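The values are calculated or read from the model by the stated rules, or taken from the named source; none is laboratory data. It should be emphasised that the depicted structure is a prediction, and the values quoted were computed from it without experimental measurement. Neighbour counts run over all protein chains shown; Cβ positions are idealised from the backbone, glycine included. These accessible areas exclude ligands, DNA and RNA; they are computed on the full protein's heavy atoms, side chains included. Shrake-Rupley method; radii C 1.70, N 1.55, O 1.52, S 1.80 Å.
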Amino acid sequence: MTDHHLAPQPAAAGDSHDAGAATPAVPAAPSAPASTRPTYAVTIPASVPMVTLLGPRDELLTTIERQFPTVDVHVRGNELTMQGPSAEVALIERLIDELLIVLDNGQSLNRDAVERSIAMLRAQTAERPADVLTLNIISNRGRTIRPKTLGQKRYVDAIDTHTVIFGIGPAGTGKTYLAMAKAVAALQAKRVNRIILTRPAVEAGERLGFLPGTLNDKIDPYLRPLYDALHDMVDPETIPRLMASGTIEVAPLAYMRGRTLNDAFIILDEAQNTSSEQMKMFLTRLGFGSKMVVTGDVTQVDLPGGTRSGLRHVRDVLQDIEDIHFAELTAVDVVRHRLVSSIVEAYDRSEAASEAAAELRARDGQRHDREGDLTAQRRAHRGGPR
């Protein structure tokens, strides 16, 4: 490789390029007659600083090269030249167009955004990467909250189009955070009059009664993650006033009993730690003009042994009811430290292997039982052991 590196593709039939798009890749005269592969050239608009596209120290360029090992990409000035399989070159040009749209919307690029964009293009999803990465939910103190993965965008879209939404997935997929952002956006747009955030006060190996302090002191740690997320979305100085007026309420699930919640955006977090009875109680609090989002991770249940998770049960019960949506998020949608996604996937593989081994042991046990029954029957037929 020489100079910088990168790559693009010819637009599909019917696609159009706006003023900020890269000039489509066209075959260029090969610099080396010995080369058996054509060379393609793409010109980036002069208004786009190349460092915003390639990244500091060509970090994003390196990411693209790593994802397209069969394509040689070179950058000179604002022109990219590529040599490789035409399908891969075409994919890179589509990638560049998507990244330019993101930049045109005033957003910066990072390695994670580039990698996720490539994954979406390879999967040939109906949604364009730029549609996902430029969907703004709310902005506060110069920080904008938006989905970062296709699964997150579909989850956010489902919140817009359904009354009751279940967001199910592992830690770090933004289930509760995005739901709270949508709640704040709905409050700001006056689509609801209040936000209600709730969690079951189920201990992960601890007993509330043995913790020091008043009841509020004991419950507060379980609600703290909701407060933390709220501080990211609402000016901290206004939160006490909003809570004092009841515009924002953060309370344990038990406090929901006997209420009807009208004109509210209601979020139940950690729903895997509800029983079936608690889940039914919560869902039947829904009033007119309200929206409910239920989030949880069915692999992290802290309920006492023998208690079935209400989140696991509710899908069997409500799956086919209109205006109720179940959004599944996976390790692909984890947006915390990149190791978190690897950790989630590793645990999923381990649990799948354990379940397969348990099933095999159960089958072996059943076979041994059947063989023992047959042996006993033969002995009985022969008059018993001699």
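Of note:
- Cβ-Cβ distances below 8 Å connect the following pairs, each with a first residue in region 45-67 that is among the small types (Gly, Ala, Ser), a second residue that is assigned to a loop (DSSP other than H, G, I, E, B) and open to solvent by less than 40 Å² (accessible area, probe 1.4 Å), and a separation of six or more residues or different chains: Ser47/Gly20; Gly55/Leu109.
- So Glu371, is it over 18 Å from Thr173 (Cβ atoms), at pLDDT below 90 and open to solvent by 50 Å² or more (accessible area, probe 1.4 Å): yes
- Candidates Ile195, Ile165, Ile159, Ile145 - the one that is open to solvent by less than 30 Å² (accessible area, probe 1.4 Å) and touching a His at 6+ places or on another chain (Cβ under 7 Å): Ile165
- Output for region 221-241, where each listed residue is open to solvent by 30 Å² or more (accessible area, probe 1.4 Å), closer than 15 Å to Ile145 by Cα and assigned to a helix (DSSP H, G or I): Asp228, His231, Asp232
- Output for region 324-337, where each listed residue is loosely packed, with under 15 Cβ neighbours inside 10 Å and in contact with a strand residue (DSSP E or B) (Cβ under 7 Å, 6 or more places away or on another chain): Glu328
- Among the residues making up region 91-114, those that are open to solvent by 30 Å² or more (accessible area, probe 1.4 Å) and either within 17 Å of Glu127 (Cβ to Cβ) or in contact (Cβ under 8 Å) with a residue 40 or more places away in the chain (or both) are Arg94, Ile101, Leu103, Asp104, Asn105, Ser108, Asn110, Arg111, Asp112.
- Of the residues making up region 126-138, those that are open to solvent by 20 Å² or more (accessible area, probe 1.4 Å) and either within 13 Å of Arg94 (Cα to Cα) or among the acidic types (Asp, Glu) (or both) number 3.
Residue-by-condition table, conditions (1) open to solvent by 10 Å² or more (accessible area, probe 1.4 Å); (2) part of a helix (DSSP H, G or I); (3) out of contact with any Leu (no Cβ under 6 Å at 6 or more places or on another chain):
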| site | (1), (2), (3) |
| --- | --- |
| Met243 | yes, yes, yes |
| Gly246 | yes, no, yes |
| Ala251 | no, no, yes |
| Ala254 | yes, yes, yes |
| Lys280 | yes, yes, yes |
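- Annotation: of all residues in region 295-308 being of a type outside the set (Asp, Glu) and over 18 Å from Ile267 (Cβ atoms), the one that is least open to solvent (accessible area, probe 1.4 Å) is Leu303.
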